[in-house]
Amino acid sequence: QVQLVESGGGLVQSGGSLRLSCAASGFTFSIYDMGWSRQAPGKEREPVALMPSLGHPWYDDSVKGRFTISRDEAKNTVYLGVNNLKPEDTAVYYCSASSGSVTYWGQGTQVTVSS
């Protein structure tokens, strides 16, 4: 059974930081590209960071220099460090695992940034 369980969200003031975690199980973590997306109220889900199984990370322009994605193969976990948070970063953050045409999603963790 595939599971992606996010944690680490919360309420933080503008300029603050959080570290989001996504614990994966039920599939071969090492061969999947792991990513983070977010969905703000009334908006579509958008990708913000991707850590491929091989290669370099990708970031959306809106988070470059503020967000850092990493993965721990020994723990089957992907992280998203989020720094210098802005009110427009408020969203539900979702973890994803992709390989070929298959994508799994977690249930999401809420990040709220107050001004």
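Separation of segment 1-32 and segment 56-106, taken as the distance between their Cα centroids, equals 8 angstrom.
Taking the 1.4 Å solvent-accessible surface of the chain as the whole, the part contributed by carbon and sulfur is 49%. For ARG45 and SER62, the difference between the fully extended length at 0.36 nm per residue and the C-alpha to C-alpha distance is 4.7 nm.
Per residue, how many Å² of accessible area does the chain show with a 1.4 Å probe? Accessible area per residue: 53 Å².
In percent, rounded to a whole number, the relative contact order of segment 7-66 is 21, using alpha-carbon pairs under 8 Å and six or more apart. For segment 80-97, putting each phi into the Karplus relation 6.51 cos²θ - 1.76 cosθ + 1.60 with θ = phi - 60° gives couplings of 9, x, 10, 10, 6, 5, 10, x, 6, 7, 4, 4, 8, 9, 10, 8, 9, 10 Hz, in residue order, rounded to whole numbers and with x for Gly and Pro. Within the same chain, lysines fewer than 8 places from LYS43 are excluded, and of the rest, those with a Cα less than 22 Å from its Cα are LYS64, LYS86. Across segment 64-74, rounded Karplus estimates of 3J(HN,Hα) from the backbone phi angles (6.51 cos²θ - 1.76 cosθ + 1.60, θ = phi - 60°) give 4, x, 10, 10, 9, 9, 8, 9, 10, 5, 5 Hz, Gly and Pro being marked x. Applied to segment 43-49, the Karplus parametrisation 6.51 cos²θ - 1.76 cosθ + 1.60 on θ = phi - 60° returns per-residue 3J(HN,Hα) values of 10, 7, 5, 9, x, 10, 7 Hz, with x for Gly and Pro.
Using the Cβ-Cβ distance between LEU54 and GLN13 with R0 = 35 Å, the FRET efficiency computed as 1/(1 + (r/R0)^6) comes to roughly 0.40.
For GluC sites (Glu not before Pro), the sites in segment 1-106 that DSSP calls loop and that have at most 14 other Cβ atoms within 10 Å are GLU44, GLU73.
The values are calculated or read from the model by the stated rules, or taken from the named source; none is laboratory data. Quantities reported herein were computed from a predicted structural model and do not represent experimental measurements. When we count neighbours, we look across all protein chains shown, and the Cβ atoms used for this are built from the backbone with ideal geometry, even at glycine. Heads up: the accessible areas ignore ligands, DNA and RNA and are worked out on the full protein's heavy atoms, side chains in. Shrake-Rupley method; radii C 1.70, N 1.55, O 1.52, S 1.80 Å.
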